[in-house]
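What follows draws every value from the coordinates through simple rules; no lab data is involved. Note that this is a predicted model, so its numbers are computed, not measured. Every residue, glycine as well, gets a Cβ built from its backbone with ideal geometry; the counts of neighbours run over all protein chains shown.
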Amino acid sequence: MFRTIRFASLVRNFATKPEEIGNLVKGNKVVVFMKGVPEEPRCGFSNAVVQILRMHGVQYNAHDVLADEELRQGIKEFSNWPTIPQVYINGEFVGGCDIMLQMHQNGELIEELKKVGINSLLLETGKEADNTKK
């Protein structure tokens with residue numbers, strides 16, 4: 001009897017996890033699943049994503065996958081992406097560190113942020129620089 005209840009509970013929890021993750025992903029315009037927290041990233045890739053978002057002045061929700069093994073595995077299954085960090089913009093999976101870095105370098109990140117109503121701080125910095133040149 002105990003095994004059946006325990007198994008049913010496990011199945012129920014596992015079955016609701018994608019829905020819970022879906023709610024987390026939609027909880028803000030930008031959501032990051034990372035190792036550690038923004039103030040104290042616990043891997044270089046997570047740190048790089050934090051720094052990129054900081055340069056753009058983006059406010060975002062961050063979730064520490066090291067604090068919750070179920071979340072760590074669940075987010076990988078949810079996105080069908082094997083690595084952490086994972087970045088979502090407007091509920092859509094964007095990618096990990098390498099994709100964020102590439103988008104930052106080629107200007108795509110500024111455009112994606114604009115689509116959800118976020119003005120990159122880098123645009124403001126660029127305008128200030130242009131005004132000082134005049």
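Taking amide H positions as modeled 1.01 Å from N, with prolines and chain starts lacking one, the residues under 5 Å from Gly57 and 5 or more places away or on another chain are Leu121. Applied to the stretch 102-113, the Karplus parametrisation 6.51 cos²θ - 1.76 cosθ + 1.60 on θ = phi - 60° returns per-residue 3J(HN,Hα) values of 4, 5, 5, 5, 9, x, 4, 4, 4, 5, 5, 5 Hz, with x for Gly and Pro.
Annotation: extensible slack from Leu122 through Met55 equals 23.4 nm (criterion: 0.36 nm per residue apart, minus Cα-Cα distance).
Computed packing ranks the peptides 96-105, 81-90 as 81-90, 96-105, most packed first, by mean other Cβ atoms within 10 Å.
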